[in-house]
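Asks: I'd like to ask you about the structure that follows.
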Amino acid sequence: MASSVGLALCGHALVVRGGSRLLATSTSSSDDDSLFIYDCSAAEKKSQEHKGEDGQPVDQGSDTVLASTFSKSGSYFVLTDDSKRLILFRTNPWQCLSVRTVVRRCTALTFTASEEKILVADKSGDVYSFSVLEPHGGGRLELGHLSMLLDVAVSPDDRFVLTADRDEKIRVSWAAAPHSIESFCLGHTEFVSRIFVVPNHPELLLSSSGDRTLRLWEYRSGRELHCCPLTSLQDPTEPWSDKRFAVSRITYWSQEDCVALSCDGLPVVYIFQLDAAQRQLVPRQLLTFQHRVWDAAFEEGNGLWVLQDCREDPLVLYRPVGGQWQSVPESAELKRVCAHVRVNWAMLEGCAGVDSGFSSLYKATCDNMTTYLKKKEERLQQQLKKRRQAPPSGPNGPTKKMRAGESAQGCSS
């Protein structure tokens with residue numbers, strides 16, 4: 001599930017979103033200090049023509065942004081909200097190109113590598129495609145699952161569509177014929193929260209799950225290459241160490257083959273090194289924070305940006321120094337972007353403590369044997385109680401009860 005707060009970076013373009021609003025600016029000091037703000041509550045809404053089974057209008061939802069992403073080149077940006085709208089932007093300069101309607105509320109979206117289509121995954125398990133070149137065109141159903149989809153990705157050559165669902169599966173389908181399945185990546189024991197195709201190693205896939213593992217796959221064959229339990233990297237003394245969590249963002253830095261993970265509301269970011277030659281993930285560092293981490297994203301050539309629940313320091317910038325990632329508090333671009341976020345903090349303020357939705361996706365445990373033994377004991381106690389309340393038996397068997405008004409008759413002499 002997508003969080004109501006998010007951070008996205010592509011090139012020098014940076015977007016922070018919260019609630020129904022997004023804020024876009026540049027991290028480059030050479031660019032003008034322009035700021036683009038968009039509020040979904042001001043976007044056009046299609047009149048609700050359909051009614052529910054009770055004859056009442058179907059709930060149109062709020063305007064909260066559910067998911068968003070940049071295209072590969074950064075020329076486009078797209079978001080979807082709780083009112084079932086798909087809003088497409090051009091980024092240079094920022095301009096809203098279209099507002100379209102999706103069939104159901106969406107959980108994830110992505111652009112194809114060619115930037116000709118947007119793929120949208122929804123709660124019912126379907127993936128629809130929308131044209132970028134025809135920004136007002138309707139959606140087309142591409143493929144479907146039997147369970148809720150949580151993420152969607154495409155291979156760098158646009159040959160494969162990868163989908164992750166609530167039922168622990170990652171499916172690899174041919175983009176030209178989505179009904180044709182290339183493979184399944186099976187191994188997670190809880191819902192698959194995020195998937196990410198490594199851009200400079202296009203045969204590799206990263207995935208995360210409610211089972212608190214990060215896994216590396218050769219996705220065309222469905223072969224698992226490496227599994228790293230995130231719990232093994234935690235400090236057991238931390239107050240959140242025994243909490244269930246899922247990874248809410250996988251971000252990647254091609255320059256150093258670095259992988260960073262932000263987790264569902266935890267005050268940490270995990271850093272891994274991808275060893276593509278050895279086909280494994282090497283844990284490098286666990287960044288800890290005083291505040292809840294909302295999101296994280298790499299900016300190529302600059303470092304790791306972290307969005308946190310702190311008005312004074314809403315963004316933190318990390319760079320590798322001597323093999324360790326360290327914060328850069330005196331960065332001019334960081335100060336400038338933080339100033340913009342502080343002025344618009346109201347869009348993030350209502351999101352503190354809001355659940356991302358992962359907590360409702362875990363398997364429900366059912367101990368049938370305990371329930372059976374408890375009910376059996378209750379039955380035995382009830383039977384024992386009835387025996388104790390029964391009248392005592394006479395010498396010739398149970399005493400027959402007399403009706404009211406009857407008196408015992410003696411023997412005649």
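The values are calculated or read from the model by the stated rules, or taken from the named source; none is laboratory data. These numbers were taken from a predicted model, which means no experiment stands behind them. Positions of Cβ are backbone-derived with ideal geometry, glycine not excepted, and every protein chain shown enters the neighbour counts. Only protein heavy atoms, including side chains, enter the accessible area calculation; ligands, DNA and RNA are left aside. Shrake-Rupley method; radii C 1.70, N 1.55, O 1.52, S 1.80 Å.
Asks: So if I place +1 on the C-beta of Lys and Arg and -1 on the C-beta of Asp and Glu, and nothing else carries charge, what would the dipole magnitude of the stretch 104-183 be about its Cα centre? I want it in debye, nearest 20.
Replies: It works out to roughly 260 debye.
Asks: Something else about it: When the convex hull of the Cα atoms of the stretch 117-258 is projected onto a plane and the area is averaged over all directions, what value comes out in nm²?
Replies: Orientation-averaged projected area of the Cα hull: 9.9 nm².
Asks: For the stretch 206-348, just the Cα set please: Rg and Dmax, both in angstrom.
Replies: Both quantities, over Cα of the stretch 206-348: 15.8, 49 Å.
Asks: Note down the net charge around residue 108, summing +1 for each Lys or Arg and -1 for each Asp or Glu among other residues with Cβ under 10 Å from its Cβ.
Replies: -1
Asks: Now, a different point. How far apart, in nanometres, would the label points at residue 360 and residue 319 be if each is projected 7 angstrom from Cα along the Cα-to-Cβ direction?
Replies: Placing both labels 7 Å along Cα→Cβ, they lie 4.3 nm apart.
Asks: I've got another one for you. Taking R0 as 56 Å, what FRET efficiency do you get between residue 158 and residue 381 from their Cβ-Cβ distance, rounded to the nearest 0.05?
Replies: E(calc), rounded to 0.05, equals 0.25.
Asks: Using 1/(1 + (r/R0)^6) with R0 = 30 angstrom and r between the beta carbons of residue 189 and residue 279, what's the FRET efficiency to the nearest 0.05?
Replies: So, using R0 = 30 Å, E works out to roughly 0.90.
Asks: Here's a follow-up. Give me the one-decimal Kirkwood hydrodynamic radius in Å for the stretch 268-325, with the sum taken over alpha-carbon pairs.
Replies: For the stretch 268-325, inverting the mean 1/r across all distinct Cα pairs yields 12.6 Å.
Asks: Where is the GNM fluctuation largest for the chain (alpha-carbon springs, 10 angstrom cutoff): 361, 66, 162?
Replies: 361
Asks: Still on this structure, please answer the following. Within the stretch 279-312, list the residues whose amide N lies under 12 Å from a label point set 7 Å along Cα→Cβ of residue 349.
Replies: In the stretch 279-312, the label zone of residue 349 (backbone N under 12 Å from the point 7 Å along Cα→Cβ) covers 311.
Asks: Right, another one. Name the long-range amide H neighbours of residue 107: under 5 Å, sequence gap of 5 or more, or other chain; modelled H, no Pro or chain starts.
Replies: Close amide H contacts, sequence-distant or interchain: 121, 122, 123.
Asks: If you don't mind, there's one more thing I want to ask. Once you charge only the Cβ atoms, +1 for Lys and Arg and -1 for Asp and Glu, what is the size of the charge dipole of the chain about its Cα centre, to the nearest 20 debye?
Replies: That gives a dipole near 2580 debye.
Asks: Taking the Cα centre of the stretch 273-350 as origin, sum charge times position over the Cβ atoms of Lys and Arg (+1) and Asp and Glu (-1), and report the length of that vector in debye to the nearest 20.
Replies: 100 debye
Asks: Ok, one more. To test your reading of the geometry: what angle, between 0 and 90 degrees and rounded to tens, separates the Cα axis of helix 368-389 from the longest principal axis of the chain?
Replies: 20 degrees
Asks: Can you give the Rg and Dmax of the chain based on its C-alpha atoms, in angstrom?
Replies: Here Rg and the maximum Cα pair distance are 29.1, 129 Å.
Asks: Is the stretch 46-197 best put as rounded, prolate or oblate by its Cα gyration tensor, with a ≥ b ≥ c the root eigenvalues, rounded for a/c under 1.5, and otherwise prolate when a/b is larger than b/c, oblate when not?
Replies: oblate
Asks: For the peptides 331-340, 146-155, 132-141, what is the packing order when you average, over each peptide's residues, the other Cβ atoms within 10 Å and list the highest mean first?
Replies: The packing order, highest mean first, is 146-155, 331-340, 132-141.
Asks: Related question: Towards the positive end of the charge dipole of the chain, with charges on Cβ (+1 Lys, Arg; -1 Asp, Glu), say which of 226, 357, 20 has the farthest Cα.
Replies: 357
Asks: Using a Gaussian network for the chain with springs between C-alpha atoms less than 10 Å apart, which of these wobbles most: 142, 377, 203?
Replies: Result for the chain, Cα springs under 10 Å: 377 fluctuates most.
Asks: Same structure, new question: Assuming 0.36 nm per residue, please report the length gained on full extension of the stretch residue 237 to residue 72 beyond their Cα-Cα distance.
Replies: Gain in length upon complete extension: 55.3 nm.
Asks: Helix 332-343: angle to the longest alpha-carbon principal axis of the chain, degrees 0 to 90, nearest 10?
Replies: Computed tilt is about 50 degrees.
Asks: Could you order 170, 181 by accessible surface area, starting with the largest, using a probe radius of 1.4 Å?
Replies: 181, 170
Asks: What is the calculated FRET efficiency for residue 29 to residue 370, with r their C-beta to C-beta distance and R₀ = 60 Å, to the nearest 0.05?
Replies: 0.40
Asks: Please sort 292-298, 311-317 by packing, taking for each peptide the average over its residues of neighbouring beta carbons within 10 angstrom, highest first.
Replies: Sorting 292-298, 311-317 by mean packing, highest first, produces 292-298, 311-317.
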